[in-house]
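Have a look at the structure below, then the notes.
The values are calculated or read from the model by the stated rules, or taken from the named source; none is laboratory data. Predicted, not measured: the structure shown is a model, and the values here were computed from it. All Cβ positions, glycine included, derive from the backbone under ideal geometry; neighbour counts span all protein chains shown.
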Amino acid sequence: MTIHTAWSKSPMLAAPLPTQAGEDDECGRGLLLVAALSEETGHHDRHPIGKTVWARLILSSPSKESVCTS
């Protein structure tokens, strides 16, 4: 999974940092979810503006019990 962002006010080489989201906050949980679901993450600058943030997910085959046969 790769996410590209081109927000000009964001420091290009700054690493994405998780934040402590409040109970009613509508944002601030993305990196927490990505970290929980991925095996590896990283970022690099994107020219001329922005950065690319990526995550490597391990996908497994569904178990026989979870396959719908009808």
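For every residue, the table says whether it meets (1) over 12 Å from the mean Cα position of the chain (by Cα); (2) surrounded by 13 or more Cβ atoms within 10 Å (Cβ to Cβ); (3) at pLDDT 75 or above.
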{"position": "Trp7", "(1), (2), (3)": "yes, no, no"}
{"position": "Leu13", "(1), (2), (3)": "yes, no, no"}
{"position": "Val34", "(1), (2), (3)": "no, yes, yes"}
{"position": "Glu40", "(1), (2), (3)": "no, no, yes"}
{"position": "His44", "(1), (2), (3)": "yes, no, yes"}
{"position": "Pro48", "(1), (2), (3)": "yes, no, yes"}
{"position": "Thr52", "(1), (2), (3)": "no, yes, yes"}
{"position": "Arg56", "(1), (2), (3)": "no, no, yes"}
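Exactly one condition in (1) modelled with pLDDT of 85 or more; (2) under 20 Å from Leu59 (Cβ atoms); (3) loosely packed, with under 11 Cβ neighbours inside 10 Å is not met by Gly22; state its number.
Failing condition for Gly22: (2).
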